[in-house]
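**Q** There's a structure below that I have some questions on.
Coordinate-derived values only; no laboratory data. Keep in mind that this is a model prediction, so the values were computed, not measured. Cβ coordinates were reconstructed from backbone atoms using ideal geometry, including for glycine residues, and neighbour counts include every protein chain displayed.
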Amino acid sequence: MAVRAETRTPAWQRGKVASWLVTTDHKRIGILYISSALVFFLLSGLMALVFRLQLSQANADVLSPERYNELITIHGTAMVFLVAVPFLTGFANYLVPLMIGARDVAFPRLNALSYWLFFLGGAVLMLSFFASGGAAQNGWTAYPPLSVQQPGNGQDLWILSLHILTAASLAGAINFLVTIHNLRTRGMTWTRIPLFVWSIELFSWLLIAVLPVLAAGLTLLLLDRGISIGPWDIQTHFFDAAEGGAPVLYQHAFWFFGHPEVYIIVLPAFGIISEVLPVFARKPVFGYKAIAASTVAIGFFSMLVWAHHLFTVGLPISLQAFFMIASMVIAVPTGMKIFNWLATLWRGNLHFDTPMLYALGFLSIFVVGGLSGIYLAAFPIDWQVHDTYFVVAHFHYTLFGGVMFAIFAGLFYWWPKMFGRLLDERLGKWQFWLLFVGFNLAFFPQHLLGLEGMPRRIYTYADESWEGYNLASTVGSYVMGIAILVFVWNVWRTTRSGPRVGNDPWQADTLEWYTTSPPPPHNFDDVPYVTSARPLYDLRRRLREASGFRGSL
Amino acid sequence: MRAKLLFLTALLLVAALTAPSAFGGNGGFAPVTPQSPNAEGIRDSYLFVSIFVLGIFVLVEGLLIAFVVRYRRRRRARFEDGAPIHGASKLELMWTAFPVVVLFLIGAFVFVELPGIKNVPSAGASGQLEIRVTGRQYYWQYEYPNGVIAIDTMRAPAGVPVRLEVTAPDDDVIHSWWIPALGGKIDAIPGTVNETWFEAAEPGVYTGQCAELCGLEHANMLASVEVMSKDEFEAWLTQRREEQTAGTSELGEETWEGVCAKCHGLSGEGGIGPALAGSIVLADPEAVEDLVRNGRRTMPAVGSGWTSEQVEALTNYLKENPPGGG
């Protein structure tokens, strides 16, 4: 069928550029997602380097308050919606059909629509810098009344961009769910699908559950800012206390989405780690079922913790207690994962190729982010550290040290599958160590700044005792910048001259490695019957037994 | 080799991180030294949690490093299988139960400490003081029971529980009241009145700043609490009341510095707001009143809801001390 579809492709769609624009191939769409995410990553990272310069010393004069607030707002929004989510959506696009032995996702054209909507949403957000009044200046959370009061169109475009991205993600989530539920190959039961696929299952369910709430909150925000439809001017007062509205209502809507969102991002990152560690430890993952179950548990509990972002708005103590306990409960399945991953290393045959370095780096850093979360969950302690640099440190430990490290592990691991060439290992290791050291230098001191009383989102400070940590943080951020340049150089170089490797350079266990690198448009000529969670391991064993060969293949 | 590299990096990291902490208090490894029982309760909870956090940190990172060293490939074939272990239910149950116990202990400790952090102590022999704290773009306004008004710098008596009613005007934005040495933060939300408190043992000046992004000058929305002995405080409060009635108090100067100067500069040289030095508007009390009460373009109505006493304090101050020497 795929072959027939190809012969029908009109000539104009076969060009080098055009073929990417009209593609409905999940692999090409995956690569589009990943490369767009990389571009947005470079842009938003650059923003961070600029405002880190402003914060490197007291009373610095690099940025005006307007520009500073724009940069932190777009940096945060873009890193979540245009970097973390699309990187992982890209991996999901590329890998889910291959991992479950399918030819494509269930709705390839809807998939292309998802990507192009995402592209449009990203363009709207980035171009909002040129709007009248500049880009949105109210943080990635855009709390009213402040966000309602900002003049100009930056905040409106921010809302528009998020609405578009919401539509893109919803379509994508439905597509993944239908794919996972219906297109698994023979023998691929629910206890045999790769753990990454489990994570995408929960990722999708969570998106479907919480995105509509965000969309509703954003719509109310837009109406409060006022819109004109033809002759009618509509201006509501949902969040306007002067007219009987409730400013905090928005915070509930935002965080009912916002907290699950961090798990939406982190679950697929966990999934990547669960794929990479066993391959480089030459062992099955320790406790497949426990890890899959903990993924489900985290997904469920993530919807019951949102108000831990609202501990300082004056909620009744009983509510704060509930959200503290719920937040702590989530630490249990997360802890399970950590220990299961550690046990996966136990008695393994570890080799430290770049994907493994990143996976181990992820483990060592994510633990810190998880532990600092305990302080934030305990609400009286949160009253002290809420909205300070302690929180900034916490979520960078989970989202950069956690998620971005996992994404790099995934990039180095699946790159040979996507492009048939290995990324340079030596450059990869340089990048890892630079990033690891730079990251800790940039973000560890921020815990201390927060405890010393430095709030987040301030464009300047007068207290010179904060200068030392801030300078360390800025230096660290530039070391990270260098590490990312090394990665860009690595990609640039190896697309031309990287060593070509076979179908399965890592001797991995999952189905995507069964086909060629890169795979043909229809993915597989045939798919072996799946008898366990490690189909390729089984295949190699059967081959070994059949040939009487006793060494490793 | 790799283990050495790992160790070296860790060492360097620790060195880099502890160097700046050599100067300055606890170096940020715990909340700032508490000066009030509620801040103490929070600090104690923080330290209690830290015991487990450090323990788990050492356990996990220790195991990670130990496994990396012990089970590295060495001379084994690259793709030789490790031990074929698929899991161990008993072990997994253990490390599911272990965090439950830890979290239970932490939760219990927090609930034990909670009343001391949250509840305002009942008025004892030394009485109790109530102050209304209003967060506004970009200043803090304090109202004492006898009608005394102050901006940004709060005066309070030592050894007396001070109850704060924290709010923001209906047309303003959300702010957050926070003096780290005197306890946790509480948001100042339009249309809502929140409550917090402190009881400073020692006289001194304790500083903090707005902790919720409230607009362009959020970073300069500073607050300080000047704690003085009870007698000194009462003398100040009475004197301030009399001066405020007579129009000789410092309220005008405080208002210029706290409300106007953050955007227009201390001597009216301009900042994110236009320069005011030499402007004829400043000499016209009615024009100033109209401006502060209603705002103009991007300038918020910083003085909506002010008493005429407060507006006059500002206009009188401006008449006598025209910014920039006028």
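**Q** Which of the aspartates and glutamates could a cross-linker span from A:Lys417 if the Cα-Cα distance has to be under 18 Å and same-chain partners fewer than 8 positions apart are dropped?
**A** List returned: A:Asp25, A:Asp104, A:Glu275, A:Asp353, A:Glu425, A:Asp504, A:Asp509, A:Glu512, A:Asp525, A:Asp526.
**Q** So what is the relative contact order of chain A, in percent, for Cα pairs below 8 Å that sit 6 or more residues apart? Please list the in-between numbers first.
**A** On the way: 889 pairs, mean separation 88.3, N = 553.
Relative contact order comes out at 16 percent.
**Q** Along the charge dipole of the protein assembly as shown, which of A:Val148, A:Val305, A:Tyr459 sits closest to the positive end, that is, farthest toward it, with unit charges on the beta carbon of Lys, Arg, Asp and Glu (+1, +1, -1, -1)?
**A** Highest projection toward the positive end goes to A:Val305.
**Q** To the nearest 10 degrees, how steep is helix A:405-419 against the longest Cα principal axis of chain A, on a 0 to 90 scale?
**A** 40 degrees
**Q** Explain nothing, just the number: dipole magnitude of the protein assembly as shown about its Cα centre with +1 on each Lys and Arg Cβ and -1 on each Asp and Glu Cβ, in debye rounded to the nearest 20.
**A** Working: 59 positive and 68 negative charges, 1422 e Å.
The dipole magnitude comes to about 6840 debye.
**Q** Sum up the charges of everything whose Cβ sits under 13 Å from the Cβ of B:Trp236, counting Lys and Arg as +1 and Asp and Glu as -1, but leave B:Trp236 out.
**A** On the way: positive: B:Arg155, B:Lys230, B:Arg240, B:Arg241; negative: B:Glu226, B:Asp231, B:Glu232, B:Glu234, B:Glu242, B:Glu243, B:Glu250.
Overall, the nearby charge balance is -3.
**Q** Between beta-carbons, use under 15 Å as the cut-off and find the net charge around B:His86, counting Lys and Arg +1, Asp and Glu -1.
**A** Values: positive: A:Arg192, A:Arg282, A:Lys283, A:Lys289, A:Arg347, A:Arg534, A:Arg541, B:Lys90; negative: A:Asp509, A:Asp538, B:Asp81, B:Glu92.
Here the count lands on +4.
**Q** Still on this model: Just how large is the dipole of chain B about the Cα centre, in debye to the nearest 20, putting +1 at every Lys and Arg Cβ and -1 at every Asp and Glu Cβ?
**A** Roughly 3020 debye for chain B.
**Q** Next question. Applying a 10 Å radius around every beta-carbon, put B:281-292, A:80-91, A:389-400, B:33-44 in order of their mean neighbour count, most first. Don't skip to the answer; put the middle values down first.
**A** Values: B:281-292: 16.2, A:80-91: 26.7, A:389-400: 23.2, B:33-44: 21.3.
Highest to lowest by the protection proxy: A:80-91, A:389-400, B:33-44, B:281-292.
**Q** Given the options B:Leu314, B:Gly278, B:Gly208, identify the residue whose Cα lies farthest towards the positive end of the charge dipole of the protein assembly as shown (+1 on Cβ of Lys, Arg; -1 on Cβ of Asp, Glu).
**A** Value computed over the given set: B:Gly208.
**Q** Quote the FRET efficiency, to the nearest 0.05, computed for A:Val22 versus A:Leu249 with a Förster distance R0 of 35 Å and r equal to the Cβ-Cβ distance.
**A** Working: r = 43 Å, r/R0 = 1.24.
Working from the Cβ atoms, E equals 0.20.
**Q** What dipole magnitude, in Debye to the nearest 20, does the range A:25-547 give about its Cα centre under +1 on Lys/Arg Cβ and -1 on Asp/Glu Cβ? Each step should come with its number before you reach the end.
**A** On the way: 29 positive and 29 negative charges, 444 e Å.
It works out to roughly 2140 debye.
**Q** Can you work out the PRE-style zone for A:Ile229? Point 7 Å along Cα to Cβ, and I want the residues of the range A:116-154 with backbone N under 20 Å.
**A** none
**Q** 222 nm [θ] for chain B, helices only, -39500 (n - 2.57) per DSSP H run of 4+, per residue, to 500? Intermediate results must be reported in sequence, preceding the final value.
**A** Values: 8 runs with 130 residues, N = 326.
The helix contribution divided over chain B gives -13500 deg cm²/dmol.
**Q** I would also like to ask the following. Calculate the length of the line joining the C-alpha centroid of the range A:74-135 to that of the range A:204-232, in whole Å.
**A** 19 Å
**Q** Just grab the label-to-label distance for A:Tyr529 and A:Leu46, each label 7 Å out from Cα along the Cβ direction, in nm (one decimal).
**A** Each label point is offset 7 Å from its Cα along the Cβ direction, giving 5.6 nm.
**Q** Give me the net charge of B:Ile117's neighbourhood, meaning all other residues with Cβ under 14 Å from the Cβ of B:Ile117; Lys, Arg count +1, Asp, Glu -1. If you can, show how the numbers build up before the last one.
**A** Working: positive: B:Arg43, B:Lys118, B:Lys185; negative: A:Asp382, B:Glu40, B:Asp44, B:Glu113, B:Glu195, B:Glu199.
Neighbour charge sum, excluding B:Ile117 itself: -3.
**Q** Under a point spin-label approximation (7 Å from Cα along Cα-to-Cβ), what is the B:Lys319-A:Ala11 distance to one decimal in nm?
**A** For B:Lys319 paired with A:Ala11, the spin-label model returns 8.8 nm.
**Q** Projecting each Cα onto the charge dipole of the range A:365-438 (Lys/Arg +1, Asp/Glu -1 at the beta carbon, about the Cα centre), which of A:Tyr389, A:Gly402, A:Leu376 comes out farthest on the positive side?
**A** Towards the positive end, the residue furthest out is A:Gly402.
**Q** Just counting partner chain Cβ atoms within 10 Å, what average do the residues of peptide A:282-293 show around their Cβ? Walk me through the numbers on the way to the answer.
**A** Values: counts 11, 7, 7, 2, 6, 8, 2, 4, 7, 2, 0, 0.
Taking the mean over all residues of the peptide, I get 5.
**Q** Next question. By how many nm would the segment from B:Glu286 to B:Thr96 grow when fully extended, if each residue of separation counts as 0.36 nm and the alpha-carbon distance is taken off? Write out the running numbers ahead of the final one.
**A** On the way: separation 190, 0.36 × 190 = 68.40 nm, distance 6.96 nm.
So the chain would gain 61.4 nm between B:Glu286 and B:Thr96.
**Q** Could you work out how far helix B:285-294 tilts from the main Cα principal axis of chain B, as a 0 to 90 degree angle to the nearest 10?
**A** In chain B, helix B:285-294 runs at an angle near 30 degrees to the longest axis.
**Q** Angle, helix A:154-182 long axis vs. longest principal axis of chain A, Cα atoms, 0 to 90°, nearest 10?
**A** It is inclined by approximately 30 degrees.
**Q** Also, I was wondering about something else. Determine, from the Cβ-Cβ distance of B:Ala275 and B:Thr33 and an R0 of 51 Å, the FRET efficiency 1/(1 + (r/R0)^6), rounded to the nearest 0.05.
**A** Details: r = 41 Å, r/R0 = 0.81.
E between B:Ala275 and B:Thr33, to the nearest 0.05, is 0.80.
**Q** Quick one: if you stick a label point 7 Å off each Cα along the C-beta vector at B:Ala246 and B:Ala123, how many nm between them?
**A** Output for this residue pair reads 2.9 nm.
**Q** Using the structure shown, select from B:Lys230/B:Lys319; B:Lys90/B:Lys118; A:Lys337/B:Lys118; B:Lys230/B:Lys262; A:Lys337/B:Lys185; A:Lys27/A:Lys283 the pairs with a Cα to Cα distance greater than 30 angstrom. Please list the in-between numbers first.
**A** On the way: B:Lys230/B:Lys319 35 Å; B:Lys90/B:Lys118 41 Å; A:Lys337/B:Lys118 35 Å; B:Lys230/B:Lys262 32 Å; A:Lys337/B:Lys185 34 Å; A:Lys27/A:Lys283 28 Å.
Long pairs (Cα-Cα over 30 Å): B:Lys230/B:Lys319; B:Lys90/B:Lys118; A:Lys337/B:Lys118; B:Lys230/B:Lys262; A:Lys337/B:Lys185.
**Q** For A:Asp240, list long-range residues whose amide hydrogen, built 1.01 Å from N in the peptide plane, is under 5 Å from its own amide hydrogen.
**A** Here A:Gly245, A:Ala246 satisfy the definition.
**Q** Here is a further query. Which whole-Hz ³J(HN,Hα) couplings does the range A:240-247 yield from phi under the Karplus relation 6.51 cos²θ - 1.76 cosθ + 1.60, θ = phi - 60°, glycine and proline marked x?
**A** 9, 4, 4, 10, x, x, 10, x
**Q** Within the range A:270-301, which residues have the backbone N less than 13 Å from the label spot 7 Å out from B:Ser89 along Cα→beta-carbon, could you tell me?
**A** A:289-290
**Q** Peptides A:314-326, A:150-162: what's the order by average Cβ count within 10 Å, highest mean first?
**A** Numbers: A:314-326: 16.3, A:150-162: 21.3.
The most tightly packed comes first, giving A:150-162, A:314-326.
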